[in-house]
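A short worksheet on the structure shown next.
The values are calculated or read from the model by the stated rules, or taken from the named source; none is laboratory data. Bear in mind the structure is a predicted one, so any value in this text is a computation, not a measurement. In this analysis, Cβ positions are derived from the backbone assuming ideal geometry, glycine residues included, and neighbour counts consider all displayed protein chains.
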């Protein structure tokens, strides 16, 4: 938890947390590295290109999913109200609104809500350090070519701070503009951070309405890849998870410890498990694609270049170029204009 003065120093700086991601430990069901001409200093991972029809859509929560958060709120409210609650005491109740000594005090709950909205003059528990494995997995999702976005219960008032904390954590995203109300997007845009345009009491309904709209529009557009929700609380999406309209993955934590999983909910204990599930989803997406090849975007390391490999040799999961006899690097322009010719030249068709 940060005092506001400390938080402002972090948010107004250009610093980024130093993270050395081992490409071999990243959960990618595909090609982990290309090493041009044996030069290991120029090794890179290309991004797989999946057809619209099978490409998964992954929607991530942030608080207590990508990073720990509720512990910071408990600490901030304890300090601001002078009614201290230990972490062990909090875990008995599982929610800050269920703690009797706070809930029975109108003054304490007013301070609690002020902190939750990010409006307290002294306490700002919204500078969060992401779990390293979460950062690795988010990068892997991008490189597997999945569409991904972030849907948080945070107010739009916290948008700027949240985006800066994502940058501070070196979390991959594509959001460089103003806040966006998710209801205005027919389907989730890749890499976008969506905050909740609703009152705190209506957040669950807002998130359900947004995802229900996206599910309907995605299906109407002929996209058959799964929509995956990764959150610590799947309560807003219960009916969608139970019906199988979305894949619901919940990270076990303090807010769901007393809640049994819903039917079809996949409750996991770590980001390692989340990565394994997403790799399996990737393999199934490739298996559903009838194309005889797998395609990778080699930018920015190799401009205007794609890598095409035989799916019969690469399979639907991890592979190395050493095991590929039919494949090669091709100009992106030529691939676009002469795909059938290229496939014949490479011996794939």
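The figures follow:
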quantity	calculated
Top-ranked residue in the range 301-312 [being surrounded by 15 or more Cβ atoms within 10 Å (Cβ to Cβ) and at pLDDT 95 or above; ranked as farthest from residue 28 (Cα to Cα)]	305
Tally, over the range 53-84, of residues that are within 30 Å of residue 294 (Cβ to Cβ) and either outside any loop (DSSP other than H, G, I, E, B) or at pLDDT below 95 (or both)	4
Residue check, residue 256 in the same structural domain as residue 141 (by TED's automatic domain parsing), farther than 24 Å from residue 284 by Cβ and surrounded by fewer than 21 Cβ atoms within 10 Å (Cβ to Cβ)	yes
Any chance residue 329 is within 20 Å of residue 142 (Cα to Cα), in contact with a strand residue (DSSP E or B) (Cβ under 6 Å, 6 or more places away or on another chain) and modelled with pLDDT of 95 or more	no
Complete set of residues in the range 50-68 that are surrounded by fewer than 20 Cβ atoms within 10 Å (Cβ to Cβ) and either under 17 Å from residue 27 (Cα atoms) or within 16 Å of the chain's Cα centre (by Cα) (or both)	67, 68
Selection from the range 175-189 of residues that are surrounded by fewer than 17 Cβ atoms within 10 Å (Cβ to Cβ) and either touching a strand residue (DSSP E or B) at 6+ places or on another chain (Cβ under 9 Å) or at pLDDT 90 or above (or both)	181, 183, 184, 185, 186, 189
Check on residue 237, crowded, with 18+ Cβ neighbours inside 10 Å, under 28 Å from the mean Cα position of the chain (by Cα), on the phi < 0 side of the Ramachandran plot and not assigned by TED's automatic domain parsing to the domain that holds residue 223	no
Residue within the range 157-170 that is closer than 25 Å to residue 281 by Cα, in contact with a helix residue (DSSP H, G or I) (Cβ under 8 Å, 6 or more places away or on another chain) and in a helix (DSSP H, G or I) present	no
Among residues of the range 95-113, those that are within 28 Å of the chain's Cα centre (by Cα) and crowded, with 16+ Cβ neighbours inside 10 Å, counted	2
Test for residue 171: is it touching a residue at least 60 places away in the same chain (Cβ under 8 Å), crowded, with 19+ Cβ neighbours inside 10 Å and either within 18 Å of the chain's Cα centre (by Cα) or not assigned by TED's automatic domain parsing to the domain that holds residue 132 (or both)	yes
Unmet requirement for residue 121, which otherwise passes all of (1) in a helix (DSSP H, G or I); (2) touching a helix residue (DSSP H, G or I) at 6+ places or on another chain (Cβ under 8 Å); (3) over 28 Å from residue 59 (Cα atoms)	(1)
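For every residue, the table says whether it meets (1) more than 30 Å from residue 66 (Cα to Cα); (2) not assigned by TED's automatic domain parsing to the domain that holds residue 224.
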position: 275; (1), (2): no, no
position: 279; (1), (2): no, no
position: 300; (1), (2): no, yes
position: 309; (1), (2): yes, yes
position: 313; (1), (2): yes, yes
position: 319; (1), (2): no, yes
position: 322; (1), (2): yes, yes
position: 325; (1), (2): yes, yes
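Table: residues versus (1) touching a helix residue (DSSP H, G or I) at 6+ places or on another chain (Cβ under 7 Å); (2) assigned by TED's automatic domain parsing to the domain that holds residue 255.
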site	(1), (2)
19	yes, no
33	no, no
43	no, no
56	yes, yes
61	no, yes
79	no, no
82	no, no
86	no, no
